Every structure is written in structure tokens, then in C-alpha cells.
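Readers should treat all values here as calculations from the given coordinates under stated rules, not as data from a laboratory. Source: prediction; values computed, not measured. Cβ atoms come from the backbone with ideal geometry, glycine included; neighbour counts cover every protein chain shown.
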Amino acid sequence: VQLQASGGGLVQAGGSLRLACAASGRTFRSWIMGWFRQAPGKEREFVARITISSTAYYADSVKGRFTISRDNAENTVYLQMNSLKPEDTAVYYCAAMTSDQYKYDSWGQGTEVTVSS
């Protein structure tokens, strides 16, 4: 399994970015997919998760501003980020649960998001 995250960049506060995570593997539609982030000097934290039935869950800090979605035909999960704040600055990672162990066992390389004030 390989996960390739993209779409990061520099944006002003209040702006938007759309992250994408392209996955290899023929069983993508059966994976729970998640986004995490790690800000400088901080622990990695959960951002959003989408189930195989496309039910979405969000961290309180991003609820109402971020939207996770998936395109099973393209083996891709997206994170639409609106109303960005400087505190959203971090490296964003996508992750996949590819087995029935209910843990993230595959991780992408990360894409950096910087929000300027």
C-alpha cells in the first residue's frame, strides 16, 4: 500500500486548500481513511476520518471548516479546508486502515500547509 499526499502550500488566513491522498491497492473502497496533522513542536493529532460508507468524523477544532470525502473510482481521499487559521499550520498526513485490526497501518509522506496571518 502506498499513499501519496498532495495539495499543501502557503495560504492566507481565511483562505482554502484542498488536499488529496492517492492510494495504491485494489481494495481502497474497503479502507477507512484518515487525515492527521503535526504542527512544529507538537504531537500528531487526528483531523478527520471517513468510513467505507463515507460517514465522516472530525476533530472539534476543524468541524464546520474541513470536509473529508472519498472517490473510490480514483482511489483518492480529499480534505477540503476552508476558513483556514494560522493554527492550522502543520504537516498533514493521510493514513489508511487496510486490515480488520481497526488501526492505521499505512501512512503517506505528508504535505505541508502554512497559513499566514
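Numbers at a glance
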{"read-out": "Where GluC sites (Glu not before Pro) fall in DSSP loop in the range 30-94, at most 16 other Cβ within 10 Å", "value": "Glu43, Glu74"}
{"read-out": "Compactness index (Cα Rg / 2.2 N^0.38 Å), the range 1-83", "value": "1.10"}
{"read-out": "Point-to-point label distance, Asp100-Lys63, nm (Cα→Cβ direction, 7 Å offset)", "value": "3.2 nm"}
{"read-out": "Length gained when the stretch Thr51-Ala73 is fully extended (0.36 nm per residue, less Cα-Cα span)", "value": "6.4 nm"}
{"read-out": "The range 42-117, Rg to Rh (Cα coordinates; Rh as Kirkwood inverse mean 1/r)", "value": "0.96"}
{"read-out": "Counting DSSP beta bridges with both ends in the chain, the antiparallel % (nearest 5)", "value": "90 percent"}
{"read-out": "Modelled label reach - Gln12, point 7 Å along Cα→Cβ, the range 83-117 residues with backbone N closer than 17 Å", "value": "83-87, 114-117"}
{"read-out": "Nearby lysines by direct alpha-carbon distance to Lys85 (threshold 23 angstrom, same-chain neighbours under 8 apart not counted)", "value": "Lys42, Lys63"}
